[in-house]
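Novice: I'd like to ask you about the structure that follows.
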Amino acid sequence: MDLRSFPKVPPSVLMRLAETAGGFVRSLDFTGHTDLCGDVLMDVTFHISAQQSLTDGMKHTSLTSLNLQGCPALTTRALHYILIRSPCLERLCLKSQSSAIDTTCDVLAAYCPRLVYLDLSRCPNLTGGGIKSVATKAVARGEHMLLKELRLSGLRRVSDVMMEALGKAAPLLEVLDLSYC
């Protein structure tokens, strides 16, 4: 569902699209949807969640790609709601998303282990502590992050400790954008 060309789609139409497409949705792009609120995103997530997990009994989406860049009305609760229900995510763009906080990194570490591309650039409420946390948790579990591209432009509180943890956790990393940090 590439909706970036339709930033003024009413919530009722979004609901109908989500209900119709259901669990077949693999990609969701809301770039520039300035009026997309948390409740609408949670409803869309509910409607595209079809696969029931055997481990936790919760319905999950089939999303492999999610772009929420330019959606300032989203809440942290709604963001975490969709991330928790999207364990197959490989590509995630939250560029300039104020609802992304350090705890969001913990959610990503716990529920989105397949991420290959992650853009957290210009997230004003995110710090190097969140990135350090996700990297440290991966190493503690004896796992490596699958990340190949990580964009953190403008990230605050980048430290040597964070960089060391990231280096240990993401050996497959090919692109690391730390511009304006």
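The values are calculated or read from the model by the stated rules, or taken from the named source; none is laboratory data. Predicted model, so just to flag it, every value in this text is computed and none were measured. Cβ placement follows ideal geometry from the backbone for every residue including glycine, while neighbour counts extend to all protein chains displayed. The protein model used for the area step is the full one, side chains on, heavy atoms only, and it has no ligands, DNA or RNA in it. Shrake-Rupley method; radii C 1.70, N 1.55, O 1.52, S 1.80 Å.
Novice: List the number of the failed condition for S49; all other conditions in (1) exposed (fewer than 15 other Cβ atoms within 10 Å of the Cβ); (2) farther than 21 Å from K95 by Cβ; (3) in contact (Cβ under 8 Å) with a residue 24 or more places away in the chain hold.
Specialist: Result: S49 passes all but (1).
Novice: Would you point out the residue of the stretch 156-165, among those that are under 26 Å from L74 (Cβ atoms) and outside any loop (DSSP other than H, G, I, E, B), that is most open to solvent (accessible area, probe 1.4 Å)? Write out each step before concluding.
Specialist: Quick first cut of the stretch 156-165, residues under 26 Å from L74 (Cβ atoms) only: 156-158, 162.
Filter again for outside any loop (DSSP other than H, G, I, E, B), leaving 156, 162.
On the way: R156: 102, M162: 1 Å².
Checked the stretch 156-165; the qualifying residue most open to solvent (accessible area, probe 1.4 Å) is R156.
Novice: So, in the stretch 46-85, exactly how many residues are closer than 18 Å to A18 by Cα, polar (S, T, N, Q) and at pLDDT 95 or above?
Specialist: Of the residues in that region, 3 qualify.
Novice: Would you please name the residue that is most open to solvent (accessible area, probe 1.4 Å), looking only at residues in the stretch 95-105 that are in a helix (DSSP H, G or I) and more than 17 Å from V161 (Cα to Cα)? Talk me through it step by step, then tell me what you get.
Specialist: Start the filter on the stretch 95-105 by keeping residues that are in a helix (DSSP H, G or I), which leaves 102-105.
Narrowing further to those that are more than 17 Å from V161 (Cα to Cα): 103-104.
Values: T103: 72, T104: 2 Å².
Once the filter is applied, the top-ranked residue is T103.
Novice: If we scan the stretch 27-45, do we find a residue that is within 21 Å of Q97 (Cα to Cα), aromatic (F, W, Y) and open to solvent by less than 80 Å² (accessible area, probe 1.4 Å)? Before the answer, list the steps.
Specialist: Our first condition is that a residue be within 21 Å of Q97 (Cα to Cα); within the stretch 27-45, this holds for 27-45.
From the residues that got through so far, the ones that are aromatic (F, W, Y) too are 30.
Okay, now just the ones that are also open to solvent by less than 80 Å² (accessible area, probe 1.4 Å), so 30.
Looking through the stretch 27-45, at least one residue is within 21 Å of Q97 (Cα to Cα), aromatic (F, W, Y) and open to solvent by less than 80 Å² (accessible area, probe 1.4 Å).
Novice: Please work out which residue is surrounded by the fewest Cβ atoms within 10 Å (Cβ to Cβ), limiting yourself to the stretch 106-123 and to residues that are in contact with a Lys or Arg (Cβ under 9 Å, 6 or more places away or on another chain) and not in a loop (DSSP other than H, G, I, E, B). Give the steps one after another, and end with the answer.
Specialist: So the first thing to find is which residues in the stretch 106-123 are in contact with a Lys or Arg (Cβ under 9 Å, 6 or more places away or on another chain), and the list is 106, 109-111, 115-123.
With not in a loop (DSSP other than H, G, I, E, B) added as a condition, the list becomes 106, 109-111, 117-119.
On the way: D106: 15, A109: 22, A110: 13, Y111: 16, Y117: 17, L118: 25, D119: 21.
The extreme case among them is A110.
Novice: Being farther than 22 Å from G154 by Cβ, in contact with a Pro (Cβ under 6 Å, 6 or more places away or on another chain) and not in a loop (DSSP other than H, G, I, E, B) is the requirement here; does V44 meet it?
Specialist: Numbers: farther than 22 Å from G154 by Cβ: yes; in contact with a Pro (Cβ under 6 Å, 6 or more places away or on another chain): no; not in a loop (DSSP other than H, G, I, E, B): yes.
When the stated conditions are applied, V44 does not pass them.
Novice: Could you tell me which residue of the stretch 130-155 is least open to solvent (accessible area, probe 1.4 Å), considering only residues that are under 14 Å from the mean Cα position of the chain (by Cα) and among the charged types (D, E, K, R)?
Specialist: In the first step, residues of the stretch 130-155 are kept if they are under 14 Å from the mean Cα position of the chain (by Cα); the result is 130-131, 134, 147, 149-152.
Cutting the leftovers down to among the charged types (D, E, K, R) gives us 149, 151.
Details: E149: 47, R151: 69 Å².
Looking at the filtered set, the residue picked out is E149.
Novice: Could you tell me how many of the residues in the stretch 6-25 are touching a residue at least 12 places away in the same chain (Cβ under 8 Å) and over 16 Å from L68 (Cβ atoms)? Let's see the steps before the verdict.
Specialist: Initially, the stretch 6-25 is screened for residues touching a residue at least 12 places away in the same chain (Cβ under 8 Å), giving 7-9, 11, 14-15, 17-19, 21-25.
Of the ones still in play, those that are also over 16 Å from L68 (Cβ atoms) are 8, 15, 17, 19, 21-24.
The total comes to 8.
Novice: Let me ask you something else. Going by the conditions given, is L66 touching a strand residue (DSSP E or B) at 6+ places or on another chain (Cβ under 7 Å), more than 28 Å from D160 (Cα to Cα), outside any loop (DSSP other than H, G, I, E, B) and among the hydrophobic types (A, V, I, L, M, F, W, C)? Let's see the steps before the verdict.
Specialist: Numbers: touching a strand residue (DSSP E or B) at 6+ places or on another chain (Cβ under 7 Å): yes; more than 28 Å from D160 (Cα to Cα): yes; outside any loop (DSSP other than H, G, I, E, B): yes; among the hydrophobic types (A, V, I, L, M, F, W, C): yes.
In short, yes.
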